[in-house]
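Notes follow the structure.
The values are calculated or read from the model by the stated rules, or taken from the named source; none is laboratory data. Nothing here was measured: the structure is a model prediction, and the numbers come from that model. Cβ atoms come from the backbone with ideal geometry, glycine included; neighbour counts cover every protein chain shown.
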2 protein chains.
Amino acid sequence: MRIVVLAGGIGGARFLRGLKQAVPDADVTVIGNTGDDIHLFGLKVCPDLDTVMYTLGGGINEEQGWGRADETFHLKEELAAYGVGPEWFGLGDRDFATHIVRTQMISAGYPLSAVTQALCDRWKPGVRLIPMTDDRVETHVAVTLPDSGSGKGSGERKAVHFQEYWVRLRASVPAEAIVPVGAEQSKPAPGVLEAIAEADIVLFPPSNPVVSVGTILAVPGIREAIAEAGVPVVGLSPIVGDAPVRGMADKVLAAVGVESTAAAVAEHYGPGLLDGWLVDTVDEGAVERVEAAGIRCRAVPLMMTDVDAAAQMAREALALAEEVRAV
Amino acid sequence: MRIVVLAGGIGGARFLRGLKQAVPDADVTVIGNTGDDIHLFGLKVCPDLDTVMYTLGGGINEEQGWGRADETFHLKEELAAYGVGPEWFGLGDRDFATHIVRTQMISAGYPLSAVTQALCDRWKPGVRLIPMTDDRVETHVAVTLPDSGSGKGSGERKAVHFQEYWVRLRASVPAEAIVPVGAEQSKPAPGVLEAIAEADIVLFPPSNPVVSVGTILAVPGIREAIAEAGVPVVGLSPIVGDAPVRGMADKVLAAVGVESTAAAVAEHYGPGLLDGWLVDTVDEGAVERVEAAGIRCRAVPLMMTDVDAAAQMAREALALAEEVRAV
């Protein structure tokens, strides 16, 4: 069974770990979001790719869901002592090695997809991890920063890097627009369209529908390839009981005019893309609305409390895909 | 009192700490060797500049004489796990920050001299530290590597970076030639010639006469400026009792045809450059030979066992300079 998964960071990585447990022999290709990649200290950092790689490769900090286990932060402390920031982005000493190797390979002319493959040679995540594109795409968020006390009443409107919005500002101000800068000019990385064309099933894990899955779909050709693949496309709601399970998805959903409900996210993907949708049991009431929109829907537990729970979610998603296929 | 010191790494740094203790109010400019700079993991590493900066700034690992105190090596361990080397060069997590800041500034267009000044803004070494040049100079060592068992009898002749010779090979094979690649085309960094022209005294600490002080003197203009400054130039022998106090200076002295004795090193610098020379008390017998060569010489204890001992050496060097001046 060939499965393609479009993944963001923590939610995608944890779902993938469940999927690997549920169907260990499946051939899984992960198309990773690179829209939240950022250059820090002259190094290229790919938070979502690394979270998937570390989680599946056994190197993740389990508690926080990102970064390395047994991590220290001496390098970052020293950068701060030099007055070199940003201080709000938590790069650990072990994690730095990944970014140094990546940056060195990119400087030597390797595309990100080849670099990711080389990094995975070490981590052996058990999936094929491909960045959505080898081109630079950077998600920016338009915000109005609070008035800094000038008394003039209105704040400064500016575009900030997604990481600055998410990590530094902690989504504390409304996202007025989300722009995947560079997406329109980008091309899918080698292997992305081929994997989709050869897939038996495409899954959207409970990743952020705007800045994770949405950014991947913004790379020209990927959405079309999925829609035209003729195989079941099943997603899992990242919204449970009208609130994001993790992170602040509601903030970025508002920016694209989508309400923070499991049903609204399904409608946002739309029946032209999505064949099946899993909502949490607390959102049982949303099933009817989603099905009315032409998307087959089931209510099952969607809290990834541990790997077993994530594996059960993966089994439910695969079962729904088979239901879709049988129609 | 304006003092210019030509410094290599550990020996130079420890002498400078003694000098600062001996004459805390002196205006000291250090011209640092950059011939052993090396690019590692895409980062520019300046071992000698950093050793001076960390030693005078209170961040040095006292026991080993280079690198940072309270250091960890997690990043390096991870690089090794990725199969990325070299493993023989010991960069610690804290130390990495210096190289990251330096590399970022150089990428942004700042010359090494400006970068060094910025790094010193944090460390406050109490001296003005200037790299000998902003241009790239890299000391290479011609060696014949031992036959690797092919049975053909003769080994491979090749040029290796000085760090590879010193740190990786530990000078285990003879240095057949020492070449400061790029030196001929280099220019002294801004401030170097001015500092020499305005100096009251020029000191050569017990640094390596070939690959440290010798490399600095190989930058066109520096040797001439010192010779023409018309002020006392006094050096301290790095050779005590026919052996280097530290390191493997004898190996590189052999490459330039100089015997490993305190007297031979003085003659190597020559009376055209050097006015005074301090040898250790065990080399009392060398005094006559050095003076016969036209260089004023004194025998005093030259073991930098602690800061007080280094301070006493500095006082002896300054006293000899005043003797020279009085002639």
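General observations
- Residue within segment B:48-56 that is hydroxyl-bearing (Ser, Thr, Tyr), within 13 Å of chain A (Cβ to nearest Cβ) and without any contact (Cβ under 8 Å) to a residue 40 or more places away in the chain present: no
- Tabulated pairs, segment A:154-169, first closer than 22 Å to A:Gly247 by Cβ, second polar (S, T, N, Q) and buried (at least 17 other Cβ atoms within 10 Å of the Cβ), C-beta under 6 angstrom, 6+ apart or interchain: A:Phe162/A:Thr139
- Test: residue in segment B:198-205 that is at pLDDT 95 or above, out of contact with any Pro (no Cβ under 6 Å at 6 or more places or on another chain) and in a helix (DSSP H, G or I): yes
- When B:Gly257, B:Gly272, B:Gly276 are checked against the criterion of being surrounded by fewer than 21 Cβ atoms within 10 Å (Cβ to Cβ), over 17 Å from the mean Cα position of the chain (by Cα) and either at pLDDT 95 or above or over 26 Å from B:Val160 (Cβ atoms) (or both), B:Gly272 stands alone in meeting it.
- Residues that are buried (at least 24 other Cβ atoms within 10 Å of the Cβ) and touching an Asp or Glu at 6+ places or on another chain (Cβ under 7 Å), drawn from segment B:48-62: B:Asp48
- Among residues that are surrounded by fewer than 22 Cβ atoms within 10 Å (Cβ to Cβ), facing chain B (nearest Cβ under 9 Å) and farther than 20 Å from B:Thr72 by Cβ, A:Gly65 is not included.
Per-residue answers, yes or no, for (1) surrounded by 14 or more Cβ atoms within 10 Å (Cβ to Cβ); (2) closer than 30 Å to B:Leu16 by Cβ; (3) at pLDDT 90 or above:
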residue: B:Arg136; (1), (2), (3): yes, yes, yes
residue: B:Pro146; (1), (2), (3): no, no, no
residue: B:Ser150; (1), (2), (3): no, no, no
residue: B:Gly155; (1), (2), (3): yes, no, no
residue: B:Lys158; (1), (2), (3): no, no, yes
residue: B:Tyr165; (1), (2), (3): yes, yes, yes
residue: B:Pro174; (1), (2), (3): no, no, yes
residue: B:Ser186; (1), (2), (3): yes, yes, yes
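- Segment A:104-113, residues that are more than 8 Å from chain B (Cβ to nearest Cβ) and free of Cβ contacts under 8 Å to residues at least 40 places away in the same chain: A:Met105, A:Ala108, A:Gly109, A:Tyr110
- A:Val101 within 11 Å of chain B (Cβ to nearest Cβ), closer than 26 Å to B:Gly83 by Cβ, without any contact (Cβ under 8 Å) to a residue 60 or more places away in the chain and of a type in the set (A, V, I, L, M): yes
- Answer from A:Thr116, A:Thr144 - the residue that is touching a residue at least 12 places away in the same chain (Cβ under 8 Å), within 23 Å of A:Val4 (Cα to Cα), polar (S, T, N, Q) and not in a loop (DSSP other than H, G, I, E, B): A:Thr116
- Summed over segment B:13-47, the residues that are within 14 Å of another protein chain (Cβ to nearest Cβ) and closer than 22 Å to B:Met304 by Cβ give a count of 0.
- Subset of segment B:288-310 [crowded, with 19+ Cβ neighbours inside 10 Å and either touching a His at 6+ places or on another chain (Cβ under 9 Å) or of a type outside the set (D, E, K, R) (or both)]: B:Val290, B:Ile295, B:Cys297, B:Ala299, B:Leu302, B:Met304, B:Ala310
- Of residues in segment A:77-98 being more than 17 Å from A:Asp121 (Cα to Cα) and of a type in the set (Asp, Glu), the one farthest from the other protein chains (Cβ to nearest Cβ): A:Glu87
- Residue that is among the aliphatic types (A, V, I, L, M) and either in contact with a helix residue (DSSP H, G or I) (Cβ under 6 Å, 6 or more places away or on another chain) or buried (at least 19 other Cβ atoms within 10 Å of the Cβ) (or both), where the choices are B:Val234, B:Val245: B:Val234
- B:Ile178 vs. criteria within 17 Å of the chain's Cα centre (by Cα), in a strand (DSSP E or B), under 25 Å from B:Ile100 (Cβ atoms) and touching a residue at least 24 places away in the same chain (Cβ under 8 Å): no
- Sole residue being touching a residue at least 40 places away in the same chain (Cβ under 8 Å) and part of a helix (DSSP H, G or I), chosen from A:Leu302, A:Leu278, A:Leu253, A:Leu273: A:Leu253
- Residues of segment A:46-72 that are among the hydroxyl-bearing types (Ser, Thr, Tyr) and either under 16 Å from the mean Cα position of the chain (by Cα) or outside the structural domain of A:Val115 (by TED's automatic domain parsing) (or both): A:Thr51, A:Tyr54, A:Thr55.
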